[in-house]
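Have a look at the structure below before the remarks.
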Amino acid sequence: MIGVVEIPLTASTCEPAKTAAQQPRRPAGLRQFVVGRENRLLLAAVASCFPAVVDPANFDVQAPAHATLPFAPAAGDSAAADQGAAADQPGAARPYSPLVLIGAPGTGKSHFALGMARYWRQTRPEDLITCATGADFARELNDAIETRTLDAWRARYRSSALLVLDEVHQLASRGAAQVELLHTLDALAARDAMVIVTSRLGIAQITNLLPALESRLVAGLSIPLSLPGLDARRRLVERLAAERGTTIEPEALSLLAERFEASVPELFGALMFLETSSLLDGGIIRLEHARRYIHDRGGRRMPTLRGIAAQTAKHFSISPADLKSASRRRAAVQARGVAMHLARQLTGISLQRIGDYFGGRDHTTVLHACRRIEQLLADSAELRRDVEQLITALTNA
């Protein structure tokens, strides 16, 4: 049996890196995808589709009985090495394509999918890689039709070496976009291109999905992702604390991992709250901080976007409508950024859904706003107090 395995990732392909000078304290995010026993099937899929990333010889990873997988070879096995290297080259047959990752918000499916896109881009920079959400795909299709650039738009998607389609369930009831995706998948399959799809619902559970599209999506490998188990939670907290430069006592870390069964974003939010509340105690997260947090947090639900918006607007003495407006007043911009930051830290909701809620903004705008708030938190004690008070109010609601 495997213990905890880390699949190395870097920042999302859609998220530009920041220098240390730009950002004194790192945001909540990891350069690894942490896999515990509860998600061990993912290792077999990665070892098959990306043999240079995971070598199953190091873990107890079993392939499905019906499949012969081009796993990364052991050192010295030159024939196997040639086979493994060939499997990781452009044009090689992809045994699991599309690779469909299914899980609730916070299981890390988008983090993993975009991390694999980053790996592909770094190792094969000549390849065309396309990443989009289901909503992006439908919106781009409409734009291409209106601007009479449909052929160019189709060519970009259908000539990709790797397509990552995040949150495919967003295409429910969007018939034209589903037809385009169907033909795109056929074109990519004919070229042995790789497709990674994520969804919070099982493919058969997505309402109003064309039968032909459903058939294409289930023809690959569907992997359900679970929330992290105990060992994975422990590793996640360790890694996140190290990424942020936060000191946490071993006893506090163990208690948080054992007693706080949560999604990855909720773990991030817990660490951020404890980090802020420990500032008056030397900046070290101690056992008593973790005990108090778990006691206060027990039985309470994850904040909603509506609740975050209402609480943030009230705190900054503006209206919730201001958070969704196009206003560039300083007070509105900062409050909106704080609300987006809290939504990212305290919920498992995607950047695109956060942007949709706050006035139809795209995910890159949300990301920029969150990073701006992270910078301000590093420099402003007043803003840190504001955010701490909001976190307390939201997590105790």
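The values are calculated or read from the model by the stated rules, or taken from the named source; none is laboratory data. Please read these numbers as outputs of a predicted model, since none were measured by experiment. Cβ coordinates were reconstructed from backbone atoms using ideal geometry, including for glycine residues, and neighbour counts include every protein chain displayed. Areas reflect the complete protein model, heavy atoms only, side chains present, ligands, DNA and RNA absent. Shrake-Rupley method; radii C 1.70, N 1.55, O 1.52, S 1.80 Å.
Take segment 1-56 and flag every residue that is open to solvent by 10 Å² or more (accessible area, probe 1.4 Å), at pLDDT 65 or above and of a type in the set (Val, Ile, Thr).
Scanning segment 1-56 gives 4, 34.
Please specify each residue of segment 133-151 satisfying the condition of being surrounded by fewer than 17 Cβ atoms within 10 Å (Cβ to Cβ) and closer than 19 Å to residue 364 by Cα. Walk me through how you get there before you give the answer.
First, pick out the residues of segment 133-151 that are surrounded by fewer than 17 Cβ atoms within 10 Å (Cβ to Cβ): 139, 142-143, 145-151.
The answer is 139, 143.
Out of curiosity, is residue 163 over 24 Å from residue 362 (Cα atoms) and open to solvent by less than 30 Å² (accessible area, probe 1.4 Å)?
Numbers: over 24 Å from residue 362 (Cα atoms): no; open to solvent by less than 30 Å² (accessible area, probe 1.4 Å): yes.
For residue 163, the condition - over 24 Å from residue 362 (Cα atoms) and open to solvent by less than 30 Å² (accessible area, probe 1.4 Å) - is not met.
For the list (1) touching a strand residue (DSSP E or B) at 6+ places or on another chain (Cβ under 6 Å); (2) touching a residue at least 40 places away in the same chain (Cβ under 8 Å); (3) open to solvent by less than 10 Å² (accessible area, probe 1.4 Å), I need the number of the one condition that residue 269 fails.
Checking residue 269 against (1) touching a strand residue (DSSP E or B) at 6+ places or on another chain (Cβ under 6 Å); (2) touching a residue at least 40 places away in the same chain (Cβ under 8 Å); (3) open to solvent by less than 10 Å² (accessible area, probe 1.4 Å), the one that fails is (1).
For residues in segment 355-376 being of a type in the set (A, V, I, L, M) and in contact with a Leu (Cβ under 7 Å, 6 or more places away or on another chain), which is modelled with the highest pLDDT? Walk me through how you get there before you give the answer.
So in segment 355-376, the residues of a type in the set (A, V, I, L, M) come out as 366-367, 369, 373, 376.
Restricting the remaining residues to those that are in contact with a Leu (Cβ under 7 Å, 6 or more places away or on another chain) gives 366-367, 376.
Details: 366: 91, 367: 88, 376: 87.
Within segment 355-376, the match that is modelled with the highest pLDDT is 366.
Taking segment 307-326 as the search range and keeping residues that are within 18 Å of residue 363 (Cα to Cα) and either free of Cβ contacts under 8 Å to residues at least 40 places away in the same chain or of a type in the set (D, E, K, R) (or both), which one is least open to solvent (accessible area, probe 1.4 Å)?
My answer is 323.
Taking interchain pairs and intrachain pairs at least six residues apart, which have beta carbon atoms under 7 angstrom, with the first residue in segment 223-238 and at negative phi and the second in a strand (DSSP E or B) and open to solvent by 10 Å² or more (accessible area, probe 1.4 Å)?
223/102; 224/102; 225/102; 228/34; 232/34; 235/34; 236/34
Among the residues of segment 342-369, which ones are more than 15 Å from the chain's Cα centre (by Cα) and over 24 Å from residue 140 (Cβ atoms)?
342
Checking residue 107 against (1) in a helix (DSSP H, G or I); (2) open to solvent by less than 70 Å² (accessible area, probe 1.4 Å), which single condition isn't satisfied?
Failing condition for residue 107: (1).
Residue 318 passes all but one of (1) over 30 Å from residue 250 (Cα atoms); (2) of a type outside the set (D, E, K, R); (3) part of a helix (DSSP H, G or I); which number fails?
That leaves (3) as the condition not met.
Could you tell me which numbered condition residue 196 fails, if it satisfies all but one of (1) among the β-branched types (Val, Ile, Thr); (2) open to solvent by less than 60 Å² (accessible area, probe 1.4 Å); (3) in contact with a Gly (Cβ under 9 Å, 6 or more places away or on another chain)?
With respect to (1) among the β-branched types (Val, Ile, Thr); (2) open to solvent by less than 60 Å² (accessible area, probe 1.4 Å); (3) in contact with a Gly (Cβ under 9 Å, 6 or more places away or on another chain), residue 196 is out only on (3).
Select, from 284, 391, the only residue that is β-branched (Val, Ile, Thr), out of contact with any Pro (no Cβ under 6 Å at 6 or more places or on another chain), open to solvent by 40 Å² or more (accessible area, probe 1.4 Å) and more than 22 Å from residue 108 (Cα to Cα).
Numbers: 391 fails: open to solvent by 40 Å² or more (accessible area, probe 1.4 Å).
Checking each option against the conditions leaves just 284.
Looking for something touching a residue at least 24 places away in the same chain (Cβ under 8 Å), surrounded by 15 or more Cβ atoms within 10 Å (Cβ to Cβ) and among the acidic types (Asp, Glu) - is there at least one such residue anywhere in segment 177-193?
yes
Just the residues that are out of contact with any Lys or Arg (no Cβ under 7 Å at 6 or more places or on another chain) and under 20 Å from residue 169 (Cα atoms), please, taken from segment 118-136.
131, 132, 133, 134, 135, 136 - these are the residues of segment 118-136 that are out of contact with any Lys or Arg (no Cβ under 7 Å at 6 or more places or on another chain) and under 20 Å from residue 169 (Cα atoms).
How many of the residues in segment 321-347 are outside any helix (DSSP H, G or I), of a type outside the set (Ser, Thr, Tyr) and in contact with a Gly (Cβ under 8 Å, 6 or more places away or on another chain)? Reasoning before the result, please.
Kept after step one, since they are outside any helix (DSSP H, G or I), are these residues of segment 321-347: 325-329, 347.
In the following step, the residues that additionally are of a type outside the set (Ser, Thr, Tyr) were identified as 326, 328-329.
Still in the list and also in contact with a Gly (Cβ under 8 Å, 6 or more places away or on another chain): 326.
So the count comes out to 1.
Return the total of residues in segment 353-382 being among the small types (Gly, Ala, Ser), open to solvent by 40 Å² or more (accessible area, probe 1.4 Å) and part of a helix (DSSP H, G or I).
The qualifying residues number 2.
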